[in-house]
Amino acid sequence: MRLATFTDYGLRILMRLASTPEERLSTADLAAQFEVSQHHLTKVVQDLVRGGFIETRRGSGGGMRLARDPAEIGLGSVVRHLERRFALVECCQANGGNCVLKPRCRLKPRLLAAQDAFLAELDRSTVADCAWNDDAAAA
């Protein structure tokens, strides 16, 4: 299974924020660290705020930080939230897509079962388990 780049960036943001929970970081800081577009990262941050994963503050001393303890943020819940607009295959779209095999397709239930297994595995880990640290660079 391949996650959307949007989700990849969301997970990176959460892992980075978990590494320094007392520090507020700006979107510009993270965009520079990740070497990605600040504009695109801003959209991801907004979605993470809507999902209740991070909080932001404007002005002096502003920036973003995790909205709760990283040990309470399951990776599965983050991926479910960020991937809600992206379907595994066309027939998994909310509107059912345009699959001509739909009446006789036996693939979709298997794909959905595989997706459920993937998410169940992610449910076993939290953002705290994946927080960035200096030791990880050496490993």
Q. What single numbered condition from (1) in a loop (DSSP other than H, G, I, E, B); (2) modelled with pLDDT of 95 or more; (3) of a type outside the set (S, T, N, Q) fails to hold for R85?
A. (2)
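Consider the range 44-67. How many of its residues are surrounded by 13 or more Cβ atoms within 10 Å (Cβ to Cβ) and either among the charged types (D, E, K, R) or not in a helix (DSSP H, G or I) (or both)? Don't jump to the end; show me each part of the working.
Filtering the range 44-67 for residues surrounded by 13 or more Cβ atoms within 10 Å (Cβ to Cβ) gives 44-49, 51, 53-56, 63-67.
Now restrict to residues that are either among the charged types (D, E, K, R) or not in a helix (DSSP H, G or I) (or both): 47, 51, 53-56, 63-67.
Summing the residues that are surrounded by 13 or more Cβ atoms within 10 Å (Cβ to Cβ) and either among the charged types (D, E, K, R) or not in a helix (DSSP H, G or I) (or both) in the range 44-67 gives 11.
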Q: Collect the residues in the range 16-43 that are part of a helix (DSSP H, G or I) and among the polar types (S, T, N, Q), keeping them in residue-number order.
A: S19, T27, Q33, Q38, T42
Q) Has the range 9-17 got at least one residue that is surrounded by fewer than 14 Cβ atoms within 10 Å (Cβ to Cβ) and among the aliphatic types (A, V, I, L, M)? A) no
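The values are calculated or read from the model by the stated rules, or taken from the named source; none is laboratory data. Nothing here was measured: the structure is a model prediction, and the numbers come from that model. Cβ atoms come from the backbone with ideal geometry, glycine included; neighbour counts cover every protein chain shown.
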